[in-house]
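Read the structure below first, then the notes.
The values are calculated or read from the model by the stated rules, or taken from the named source; none is laboratory data. Bear in mind the structure is a predicted one, so any value in this text is a computation, not a measurement. Cβ atoms come from the backbone with ideal geometry, glycine included; neighbour counts cover every protein chain shown. Just so you know, the surface numbers come from the protein's heavy atoms only, side chains and all, with ligands and any DNA or RNA stripped out. Shrake-Rupley method; radii C 1.70, N 1.55, O 1.52, S 1.80 Å.
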Amino acid sequence: TGKTWYARQIAIKLVDGDPQRVTFVQFHPSMSYDDFVEGYVPTAGQTNTSFEVKKKMLLRLCDQAKEVSPKVCVLVIDESNRGDTSRIFGELLTYIEPSYRDTIFTVAYSGTKTSIPKNLFIIGTFNPYDKSVVELDDAMDRRFERLSFDPSADRLVSLLQKQRVSSTLIEATVKYFVDINKLS
């Protein structure tokens, strides 16, 4: 349906073409808060090994957005329903909401104070037809506006033609596309 393609195009447009202000991540079932917000990372010293809390993708992106404010930074979460969003976002689930932006809160592991800036936009894609994963968490779902990208044979033809795919292959692909969508 082109969800990821559209998300990338929207992100690039929002940042005026500056790819340094766009971060892409794809959620998966084993992803956690430790991977996305902050987590313990081993550090090797000369005589011992210890652990320290490090900022991960989301907190680093928040810092970047604060540095470049008021310019927009964008986080694109592809396949957002493939991960357990409550487990991945933790307490930050509250603070991604527009009315809580720039509100200071304490991060769980480090105990540091931070906020999610208003100039950080989050775009998420998900596949509502993917039955191998759970539905998107209700708390996460209500924090986003939804745009539906239903499968379209016309759109598929247009994309394939732009890529200069042969008419024979386009015809076969569209036939398969139509047949497979009858099963959904």
For the chain, report the accessible area per residue in Å² (1.4 Å probe, heavy atoms, rounded to an integer). 62 Å²
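How large is the dipole of the chain about the Cα centre if only Lys and Arg carry +1 and Asp and Glu carry -1, each at its Cβ, rounded to the nearest 20 debye?
Values: 24 positive and 24 negative charges, 100 e Å.
Charge dipole, the chain, about its Cα centre: 480 debye, nearest 20.
For region 1-73, compute Rg over Rh where Rg is the Cα radius of gyration and Rh is the Kirkwood radius from the inverse mean 1/r over Cα pairs. Working shown, then result.
Numbers: Rg = 16.2 Å, Rh = 14.6 Å.
For region 1-73, the value is 1.11.
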Can you run phi through the Karplus equation (6.51, -1.76, 1.60; θ = phi - 60°) for region 50-62 and list ³J(HN,Hα) in whole Hz, with x for Gly and Pro? 9, 10, 9, 7, 10, 5, 10, 3, 5, 5, 5, 5, 4
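So which of Lys56/Lys118; Lys162/Lys182; Lys3/Lys182; Lys56/Lys113 end up more than 23 Å apart, counting from Cα to Cα? Before the final figure, lay out each step's value.
On the way: Lys56/Lys118 19 Å; Lys162/Lys182 26 Å; Lys3/Lys182 20 Å; Lys56/Lys113 15 Å.
Checking Cα-Cα distances, Lys162/Lys182 exceed 23 Å.
Per-residue ellipticity at 222 nm for the chain, helices alone: DSSP H runs ≥ 4 residues times -39500 (n - 2.57), over residue total, nearest 500 deg cm²/dmol? Could the numbers behind the result be given before it?
Working: 8 runs with 67 residues, N = 184.
After summing the helix terms and dividing by the residues of the chain, the value is -10000 deg cm²/dmol.
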Isotropic mean projected area of the C-alpha convex hull, region 38-119 (nm²): 6.7 nm²
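In the chain, what percent of the accessible surface is made up of carbon and sulfur (1.4 Å probe, ligands and nucleic acids excluded)?
Working: 5980 of 11420 Å².
The C+S portion of the solvent-accessible surface of the chain is 52 percent.
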If you line up the long axis of helix 167-182 against the longest principal axis of the chain, both from Cα atoms, how many degrees apart are they, to the nearest 10? 70 degrees
Virtual spin-label span in nm between Arg60 and Asn181, 7 Å along Cα→Cβ: 3.9 nm
Identified option (computed Cα Rg over 2.2 N^0.38 Å; candidates (i) 1.07; (ii) 1.74; (iii) 1.24): (iii)
Tally the DSSP beta bridges in region 43-126 and give the antiparallel ones as a percent, rounded to 5. 45 percent
